[in-house]
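Just so it is clear, none of the values below were taken in a lab; they were calculated from the coordinates. Keep in mind it's a predicted model, so treat the numbers as computed, not measured. Note: ideal-geometry Cβ built from the backbone for every residue, glycine included; neighbour counts use all protein chains shown.
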Amino acid sequence: MGSDLSLSRRVLDAIARQRMVGAGDRVGVAVSGGADSVALLHLLEDLRPTLGMNLAVLHFNHQLRGAESDADERFVASLASQLNLELFTSREDVASVARANGWNLEDAGRRLRYAFFSSVADAGHVVRVAVAHTADDQAETVLARLLRGTGPAGLASIYPVKGCIVRPLLGIRRHELRADLARRGQSWREDSSNQDATRLRAKLRHHILPTFERDLQPAVVSHLGRLAHLAREDEAFWQAMVAERLRALARWEESGIGRKTGRPSDVDARGSVKLPAARRGIRCADLLAPLPWMDAGCSEEIRLALTRRLVRGIIEELQGHCQEITAQHVEQVLQLAIRSSSGQRTSLPGIVVERSFDWIWFAKAPAAEAGRSRESEPETGRDVARGKKSRNAGAFSHVITLGAAGDCAVVAITEIGRCFRLKVIDWPAAGGENITVLDRDLLRPPLVLRSWRPGDSFRPQGRRSVHKLKYFLLRHRVEARDRSGWPVLTSAGALVWTRGMPVAAEVAPGSATRTGVVIVEEEI
């Protein structure tokens with residue numbers, strides 16, 4: 001017996017309205033064995049000739065219910081065989097993966113299940129994956145997110161189309177699908193875990209929503225679905241706005257050499273710094289007032305509405321989602337932009353955010369920090385100097401031995417990806433008036449090429465007094481993240497050279513200089 005014609009028509013209309021499927025597409029139908037997914041498979045099989053699509057069946061075994069899970073898999077395999085459809089299956093010990101990663105079972109199952117769907121699509125076996133979420137699932141999700149304290153974006157809940165995933169049944173009630181299966185004489189599998197009253201989803205499904213529907217508002221499911229639809233419309237607007245503002249205001253810095261920001265390290269290739277990873281930056285002023293008309297007279301609610309979304313937008317660009325980013329995390333970033341000084345940073349789940357002068361920089365956290373969130377005050381420059389974080393990864397120290405004129409000492413510093421050549425030359429050198437040179441005869445052993453350390457100080461040529469190197473680095477706007485591997489040369493313990501600045505006055509060449517030392521920096 002076929003399906004209810006009105007039900008098929010509504011599903012067809014939803015597919016056409018959302019452009020879920022194109023003629024010739026091969027659609028993988030995610031079938032767990034439950035009533036909703038079995039009904040979806042039959043409805044799409046009925047519509048296959050009309051839509052001009054091909055079907056396959058996808059089944060993921062979560063291995064959570066032992067023999068019951070295996071029986072579900074056999075049921076789905078038999079159903080696919082009856083319909084003469086190709087079957088793609090995968091199984092994973094979801095409980096073990098959840099324990100290993102600190103996820104709850106529901107979250108772990110969702111991650112692994114959708115990873116399987118994506119893998120089938122990425123391999124080219126299907127173009128779309130149809131999932132059997134219903135209007136009831138949408139209503140349950142809206143309520144669950146409200147109870148957990150979601151923001152406006154979370155109210156959008158389940159999207160009809162997201163990536164390769166399509167959901168043709170979001171406008172259909174669960175009881176309609178069961179009635180359709182009964183007309184067909186088609187059985188299905190019941191997941192016993194859906195009856196677990198300790199789970200929020202089960203409480204909403206079996207107790208709270210039925211009570212609302214019976215005693216308060218018969219149309220509660222459609223109303224909650226409508227709320228999700230309106231939230232998605234608003235979110236689409238905000239996503240477009242955020243994308244446009246980030247294109248206009250933010251910038252990327254990729255791994256590699258040669259950032260053109262006007263700092264001494266960027267003057268030429270020899271002075272460039274190798275960046276450890278791609279990062280996204282935005283000026284504090286632009287983050288806090290991202291539209292030209294957002295001046296001091298603009299209401300805080302209007303200004304922060306876009307500002308907070310910009311923060312989330314940058315994080316999503318870096319790691320693909322904002323699933324663990326809370327309002328408190330966003331507030332930590334805002335405090336960096338409003339009150340912190342250069343060098344302060346804060347850690348969010350998977351992301352490190354740092355204030356550098358008048359910029360805020362976002363980068364993916366190193367593996368050791370990933371997933372660790374700090375709810376305390378941002379880290380200060382003093383914390384960095386004390387080694388609270390692994391900011392000394394670029395530290396190095398090498399003793400240099402200089403030869404006679406014409407000789408060249410070469411040191412490769414893998415910690416910062418740079419190679420230094422210290423060439424001994426006759427002085428004065430023909431045509432060399434504009435090169436940076438040290439007087440060879442004024443240098444004293446040990447001669448050490450090392451990374452900058454807090455407390456380093458010197459008097460550059462042309463200066464009257466000694467200053468800490470940090471003073472010069474700050475004046476030249478060298479970021480805290482670059483200072484740990486900043487190269488210096490010491491002579492008998494005294495700093496005589498550093499990247500991008502004049503040599504120390506006491507070793508600068510003069511009228512008596514006969515032999516000089518030129519330092520050239522190159523990328524490894």
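Descriptive notes on the structure:
- Taking amide H positions as modeled 1.01 Å from N, with prolines and chain starts lacking one, the residues under 5 Å from SER457 and 5 or more places away or on another chain are LEU469, LEU495.
- Positive-pole candidate from ALA135, GLY225, SER397, dipole of the chain, charges at beta carbon: SER397
- Check: segment 76-132 dipole with +1 on Lys, Arg Cβ and -1 on Asp, Glu Cβ, in debye: 80 debye
- The residue list LEU105, LEU44, SER78 was ranked by how far each Cα lies along the charge dipole of segment 35-134 toward its positive end, using unit charges on Cβ atoms, and LEU105 comes out on top.
- Ordering of 93-99, 236-242 by packing [mean C-beta count within 10 Å, highest first]: 93-99, 236-242
- Summary of packing: across the peptides 223-230, 212-219, 200-207, the per-residue average of other C-beta atoms within 10 Å ranks them, highest first, as 223-230, 200-207, 212-219.
- Magnitude of the charge dipole, segment 397-523, Cβ model with Lys/Arg +1 and Asp/Glu -1, debye to 20: 580 debye
- Ascending count of other beta-carbon atoms within 10 Å, so fewest first, for GLU92, GLU301: GLU301, GLU92
- Amide H partners (placed H, <5 Å) of ASP25, local residues excluded: ASN54
- One entry in [x] 63, 25, 20; [y] 48, 26, 21; [z] 39, 31, 20 is semi-axes √(5λ) of the Cα gyration tensor in Å calculated from the shown coordinates; its label is [x].
- Percent RCO, i.e. relative contact order, over segment 397-523, from Cα pairs under 8 Å lying at least 6 residues apart: 36 percent
- Point-to-point label distance, VAL161-ASN84, nm (Cα→Cβ direction, 7 Å offset): 3.1 nm
- Signed unit charges on C-beta, dipole axis of the chain, positive-most listed residue ALA144, PHE458, PHE116: PHE458
- Distant-in-sequence amide H partners of GLU86 (H built 1.01 Å from N, under 5 Å): VAL57
- Least to most buried among VAL330, VAL311 (fewest other Cβ within 10 Å first): VAL330, VAL311
- Converting phi to 3J(HN,Hα) with the Karplus coefficients 6.51, -1.76 and 1.60 and the offset θ = phi - 60°, segment 455-460 yields x, 4, 8, 6, 10, x Hz in sequence order, with x at every glycine or proline.
- Here the relative contact order of segment 5-225, from alpha carbon pairs under 8 Å that lie six or more residues apart, stands at 23 percent.
- Separation between Cα centres of segment 430-503 and segment 155-189, rounded to whole Å: 69 Å
- Under the convention that each Lys and Arg Cβ holds +1 and each Asp and Glu Cβ holds -1, the size of the dipole of the chain around its Cα centre is about 1380 debye.
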